[in-house]
Amino acid sequence: MAVVAGLRALGTKRPRWLWRDPWAPLPAGFCTRGQAGAGLPESEPRPTSVRQRDGIRNIVLSNPKKRNALSLAMLKSLQSDILHEAESKDLKVIIISAEGPVFSSGHDLKELTEEQGRDYHAEIFQTCSEVMMLIRNHPVPVIAMVNGLATAAGCQLVASCDIAVASDKSSFATPGVNIGLFCSTPGVALGRAVPRKVALEMLFTGEPISAQEALLHGLLSKVVPEEQLEEETMRIARKIASLSRPVVALGKATFYKQLPQDLRTAYYLTSQTMVDNLALPDGQEGIKAFIQKRKPIWSH
């Protein structure tokens, strides 16, 4: 499977939930809340909640009391939610959102004290990096729906998503430098989403930028009034969900593959992909439907 191949490339063992389902199967109206998550005692609520309907999986960061901090438990829960039945034809798009006024404040600083130790710190940042790369390597598009503040690793999460829609009340920052912990890992995603000088100003000063500034610099896809955020995000998600999953998955993988290449190599890779796309059943179905002036019937 593509996701498993991506994990192998990261040097990560295949998660158990790819072999067997640790949850109940995901039906059309799937919804979970308050289940024990990876790395959490069963008595503690799961830091994310999930619901899936009509091919759209909504993953919600559900720990507003702690500003949806990306604790190790939160990261593992998010990782599990992203990977769950990743290859299922019933999954077309993922939306990541959050409860409360803060999308995510970044890492839980209580986990980063010297009492926790270097090995624990390494596990946190390795897991966080894996989550961010899983988003990029996932076969379906991942959309961030942001309503509020996203800082440090929370900003990194937004920058890592394929599409990001935010309310006009949202803001973004990488303020680690202010507490002596430079946002080096958030800078990886941020530096690939916005111009270098914008990223470095955010990283060097820690000062926030508004949603409109984030849109101007390319961190966001769209900014809308708060009351329109869910409607607009779902409009985009439904449009993606109505399309051919194999075609979208091929296109997403190729887009990221060609980005770091020189122009000649990029055109070579994408030309080969176009040929591969035409060999897909949905590639031919779409062309036939267009010629016959009818709606295509996708393989899923």
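The values are calculated or read from the model by the stated rules, or taken from the named source; none is laboratory data. Because the structure is predicted, anything quoted here is derived from the model rather than measured. Cβ sites come from the backbone with ideal geometry, for glycine too, and all protein chains shown count toward neighbours. Accessible surface is based on the protein model in full, side chains and every heavy atom, while ligands, DNA and RNA are left aside. Shrake-Rupley method; radii C 1.70, N 1.55, O 1.52, S 1.80 Å.
Conditions (1) open to solvent by 10 Å² or more (accessible area, probe 1.4 Å); (2) of a type in the set (Val, Ile, Thr), marked per residue:
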position: ILE59; (1), (2): no, yes
position: ASP81; (1), (2): no, no
position: LYS92; (1), (2): yes, no
position: PRO101; (1), (2): yes, no
position: LYS110; (1), (2): yes, no
position: HIS138; (1), (2): no, no
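Restricting region 158-171 to residues that are of a type outside the set (Ser, Thr, Tyr) and assigned to a strand (DSSP E or B), which is nearest to ARG245 (Cα to Cα)? Out of the qualifying residues, it is ILE163. For region 172-193, state whether one or more residues are within 30 Å of PRO281 (Cβ to Cβ) and not in a helix (DSSP H, G or I). No, region 172-193 contains no residue that is within 30 Å of PRO281 (Cβ to Cβ) and not in a helix (DSSP H, G or I).
Across region 232-261, the number of residues qualifying as more than 21 Å from PRO296 (Cβ to Cβ) and without any contact (Cβ under 8 Å) to a residue 12 or more places away in the chain comes to 4. Close contacts from region 145-157, counting a first residue that is touching a residue at least 40 places away in the same chain (Cβ under 8 Å) and part of a loop (DSSP other than H, G, I, E, B) and a second that is open to solvent by 10 Å² or more (accessible area, probe 1.4 Å) and acidic (Asp, Glu), with Cβ to Cβ under 9 Å and a gap of 6+ residues or different chains, come to ASN147/GLU226; ASN147/GLU230.
Okay, residues lined up against (1) over 18 Å from SER97 (Cα atoms); (2) assigned to a helix (DSSP H, G or I):
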site: LEU229; (1), (2): no, yes
site: ILE240; (1), (2): no, yes
site: TYR256; (1), (2): yes, yes
site: ARG264; (1), (2): yes, yes
site: SER271; (1), (2): yes, yes
site: SER299; (1), (2): yes, no
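If you filter region 244-262 down to residues that are open to solvent by less than 60 Å² (accessible area, probe 1.4 Å) and over 18 Å from the mean Cα position of the chain (by Cα), you find that the one that is nearest to SER88 (Cα to Cα) is PRO246.
Can you name the number of the only condition in (1) among the aliphatic types (A, V, I, L, M); (2) touching a Lys or Arg at 6+ places or on another chain (Cβ under 9 Å); (3) farther than 30 Å from LEU243 by Cβ that LEU70 fails? The one condition LEU70 does not meet is (2).
Looking across region 222-231, the residues that are without any contact (Cβ under 8 Å) to a residue 60 or more places away in the chain, in contact with an Asp or Glu (Cβ under 9 Å, 6 or more places away or on another chain) and surrounded by fewer than 16 Cβ atoms within 10 Å (Cβ to Cβ) come down to LYS222, PRO225.
Against the condition surrounded by fewer than 17 Cβ atoms within 10 Å (Cβ to Cβ), not in a strand (DSSP E or B) and not hydrophobic (A, V, I, L, M, F, W, C), how does GLU115 come out, does it pass? So GLU115 fits the description; yes.
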